[in-house]
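Note sheet for the following structure.
The values are calculated or read from the model by the stated rules, or taken from the named source; none is laboratory data. Computed from a predicted structure; not experimentally measured. Here the Cβ positions follow ideal geometry from the backbone for every residue, glycine too, while neighbour counts run over all protein chains shown.
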Amino acid sequence: MTDILPLLLFVCLFATLLLGFPVAFTLGGISLIFGLLTFGFNFFNLLPLRIWGIMTNYVLIAVPLFVYMGVMLEKSGLAEELLETMALLFGKLRGGLAISVIVVGAMLGASTGIVGATVVTMGLLSLPTMLKRGYHPELATGVISASGTLGQIIPPSIVLVLLGSILNVSIGDMFIGAVIPGTILVSLYLIWVIIVSILRPESAPAMPEEELAKFKGKAMVKRVLQAFVMPFFLVLAVLGSIFAGIASPTEAAAVGAFGATLLTILHKRFNYQTLKEVMRETSLLTCMVFIILVGATSFGLVFRGMGGDRQLTQFIVSANLGPTTFLALVMVVVFIAGFFIDFIEITFIIVPVVAPIFQKLGISLLWIGVLIAMNLQTSFLTPPFGFSLFYLKGVAPEGIRTGQIYRGIIPFVVIQLIGLTILLLFPETVNWLPRVTFD
């Protein structure tokens, strides 16, 4: 009977999600019911400790700070100017705004390293602008959801830190090893947007001719300096403070929040009403992100308590397979597990079990770590339980349906699988740069 409890847990989760219940409360509610029925009231002795661990996580302080930064840029109008100016810089190229979103998403992803904060920030920054410019909702939401997950593979990344510590691989090696894979993935995104813009120009229209005509000479220089260069240096300040070792990601988030406020003041758009709206929306969005994290943590606790992790890992260990087949099996298991479990839970459930096996097989743990990071990033976009999709839905304007978001991310899931395949076929994409850097 106990062997089918994890499966029953998933069935109940799917059923309640299909009935339309919010994902955060579905996660938490199902976890509480199964935890109480399985472990009795002792479950309530464990759950508060896990939730307290989330709430006291210093790194997660970056979430409200980066959300504040995004909301401040959005409320002040600077965010829209930033994206539109970047699109104007691409001239008459169709899909220029989507390309700009990918570039900005990569920068914000590298700044936060937290999918929730990045997707929420990008949703606030770019989705209303893209819809106003006539982009198809599927393409707009797909670009934002996919770009928001780039922080999982572009250093500095929380998942790379966790994987490096578990695999006993230098965090510096993990960061450097992920540079080329991150660049490959961003390039694949850009190529796809360009292809869509050529084949279906109505889904990614170019900027209006009258706006492009104004964007010349002194007007162009002024627009770039005002709307692009200053916010760009803000993001560079956040990234630079991390890479230079001056600040942690959490401290760099404070730099970003202060810098966004300073830019708003310099543009004479800062007032009490703007600050009030930014503070209110930051509080609401931060609560949304954290309640999802609490629900995911509760779900992971119950799943492991039922022995779901032991069943999963026992299946992996008992399969007497060759290195290539075993690696493929682990990648599939991580990908499927990512449909339902938070990346932190997967990291601490599966990776410690498979790491000694990979080491015994003589496979580079650095390569394995970056592969798993790329795999986990892909799982953030996979319905019905991709966290990135729910974060974006929470901040999307009225009229954007969940089905449109699901359809929009399908091409990007395929692109991420292509990127993962490239890393599998060419391990040097991960191993070469750290070897050259430190030799």
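Would you confirm whether or not segment 108-116 contains a residue that is modelled with pLDDT under 70 and either over 23 Å from LEU285 (Cβ atoms) or polar (S, T, N, Q) (or both)?
yes
Give me the pairs, please: first residue somewhere in segment 366-384 and surrounded by fewer than 24 Cβ atoms within 10 Å (Cβ to Cβ), second residue anywhere and among the polar types (S, T, N, Q) and modelled with pLDDT under 90, beta-carbon distance under 7 Å, and either six or more positions apart or on two chains.
LEU366/ASN431; TRP367/ASN431
Given the structure, is LEU82 more than 19 Å from the chain's Cα centre (by Cα), modelled with pLDDT of 75 or more and assigned to a helix (DSSP H, G or I)?
No, not satisfied.
Name the residues in segment 385-412 that are assigned to a helix (DSSP H, G or I) and free of Cβ contacts under 8 Å to residues at least 40 places away in the same chain, would you?
LYS393, THR402, GLY403, TYR406 - these are the residues of segment 385-412 that are assigned to a helix (DSSP H, G or I) and free of Cβ contacts under 8 Å to residues at least 40 places away in the same chain.
Quick one: which residue in ILE176, ILE180, ILE195 is at pLDDT 80 or above, under 16 Å from LEU97 (Cα atoms), in a helix (DSSP H, G or I) and within 26 Å of the chain's Cα centre (by Cα)?
One residue alone meets the criteria, ILE195.
Pick out the one residue from ILE144, ILE153, ILE102 that is at pLDDT 80 or above and closer than 21 Å to VAL229 by Cα.
Working: ILE144 fails: closer than 21 Å to VAL229 by Cα; ILE153 fails: closer than 21 Å to VAL229 by Cα.
The unique qualifying residue is ILE102.
Output the qualifying pairs, or none if there are none: Cβ atoms under 6 angstrom, residues six or more apart or on different chains, first residue in segment 252-278 and assigned to a helix (DSSP H, G or I), second residue of a type in the set (Phe, Trp, Tyr).
The qualifying pairs are ALA253/PHE66; ALA257/TYR68; THR264/PHE270.
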